[in-house]
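The values are calculated or read from the model by the stated rules, or taken from the named source; none is laboratory data. Keep in mind that what you see is a predicted model, and the values were worked out from it rather than measured. Cβ: placed from backbone, ideal geometry, glycine included. Neighbour counts: every protein chain shown. Note: accessible area is taken over every heavy atom of the protein model, side chains too, but ligands, DNA and RNA are not part of it. Shrake-Rupley method; radii C 1.70, N 1.55, O 1.52, S 1.80 Å.
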Amino acid sequence: MNIRPRRLRRTPAIRDMVRETALSPKDFIAPLFVKHGQGIKDPIPSMPGQFQFSPDTVTEEVRELHSLSVPAVILFGLPDSKDPTGTRSFADDGVVQRAVSEIKEKVPEVLVFTDVCLCEYTDHGHCGILKEGEVDNDATLEVLALQAISHAKAGADFVAPSDMMDGRVAAIRWELDEAGFHKTGILSYAVKYSSGFYGPFREAADSAPQFGDRAGYQMDPANALEALKEASLDVDEGADMIMVKPALSYLDIIRRVRDQCVLPLAAYNVSGEYAMVKAAQERGWIDGNRVMMETLISIKRAGADLILTYFAKEAAALL
Ligand code: PBG
């Protein structure tokens, strides 16, 4: 007997029938950047096809995503001013809060996630409150909880803490419940590495640290067991979904977390991963659409249920 695996690859119909992983627009959460103003749609140079929006134009973008069957977006804010403790992050008239209410009013079918972190709102660009030159964990938790509550009040379906402080999921869950927001969910950036792949995002969100780096709170790329520890802590603290970030250099981590955890698992196909594909495509070195789809399917195959990706709109249009 001859074993001939190629029999199952012979025609498109056969390949379709035996394909193990399927990608759908329903898998995507589209990241969007918002700033104050009206009628704004400013291109982000290092992320071709991505923009900084105002609350009105972001709502139009969300409508378009909805028409392509993308069920969810995650919002990042560029505030009008910054200070040492990031007070604009929890203002009722803050830019994310305004954008959430406008989206929820005009396109209520789309799920709105909000990034909860201080780096876009602090003048020093770190993800928390500084004490003696270091990010103070417990002082930061209070501000994160205020931010989460203000997003919930504006109508966010899920808040997504990305700061990597210890205990923030429990703190946010507790404060949300105290304030009566027991329906608001938490997507925790449980496993977030200290990564060079965030470069273009920091330009897009104007959130680069003004000194030092984030290695004191984000994870060491060399560690995998620590990822399992972080994931199980966030499950115990009450996260509804968890995330691994970045995605592509961490497909092994996605798989290991998937195997250990029963919550829905998201992976963040981050800005640098997007920018590399776009840059190579612009030079004619790769077929951009093909690499985009191969990238997304690899993240799904590794075990992610949901993918946060700047490709959401383009990929959904092809699916
Ligand atoms: C922090 C945050 C970052 C990203 C999402 N949330 C940047 C960072 O930790 O420096 C990166 C996302 C991307 O690169 O696409 N608020």
Farthest toward positive dipole pole in the range 24-318 [+1 Lys/Arg, -1 Asp/Glu at C-beta], among GLY77, ILE297, PRO161: ILE297
- prompt: How many nm is it between the label spots at ARG19 and GLU282, if each spot is 7 Å from the Cα in line with the beta carbon?
  reply: 3.0
- prompt: By how many nm would the segment from LYS41 to GLU142 grow when fully extended, if each residue of separation counts as 0.36 nm and the alpha-carbon distance is taken off?
  reply: 33.1 nm
- prompt: So which lysines can LYS82 reach, going by Cα to Cα under 27 Å and dropping same-chain residues fewer than 8 places off?
  reply: LYS35, LYS41, LYS104, LYS131, LYS153, LYS192, LYS245
- request: Leaving out ligands and nucleic acids, note down the accessible area per residue over the range 24-318 with a 1.4 angstrom probe, in whole Å².
  value: 40
message: Let me check something: with ligands and nucleic acids excluded, how do MET219, MET1, MET293 order by accessible area (1.4 Å probe), largest to smallest?
response: MET1, MET293, MET219
statement: The answer for the longest stretch of the chain without any exposed GluC sites (Glu not before Pro) (DSSP loop, at most 13 further Cβ atoms within 10 Å) is 133-319
statement: When the charge dipole of the range 24-318 is computed with +1 at the Cβ of Lys and Arg and -1 at the Cβ of Asp and Glu, the Cα pointing farthest to the positive end, of GLY199, ASN137, CYS119, is that of GLY199
- prompt: Using a 1.4 angstrom probe with every protein chain in place, what is the largest-first accessible-area order of ILE172, ILE297?
  reply: ILE297, ILE172
- prompt: Per residue of the chain, what 222 nm ellipticity follows from adding -39500 (n - 2.57) for every DSSP H run with n ≥ 4, rounded to the nearest 500?
  reply: -12000 deg cm²/dmol
- request: In whole angstrom, note down how far apart the Cα centers of the range 97-171 and the range 43-83 are.
  value: 17
message: I'd like the orientation of helix 168-178 relative to the chain: the angle between its Cα long axis and the longest Cα principal axis, in ° from 0 to 90, rounded to 10.
response: 60
message: Quick check: the angle from helix 288-302's long axis to the longest principal axis of the chain, C-alpha only, nearest 10 degrees?
response: 80
message: Counting only protein heavy atoms and a 1.4 Å probe, tell me what percentage of the chain's accessible area is made up of carbon and sulfur.
response: 52
- prompt: In debye to the nearest 20, how big a dipole does the chain give about its Cα centre with +1 on each Lys and Arg Cβ and -1 on each Asp and Glu Cβ?
  reply: 2040
- request: Any aspartates and glutamates with Cα under 12 Å of the LYS183 Cα? List them, leaving off those in the same chain fewer than 8 positions away.
  value: ASP157, ASP240
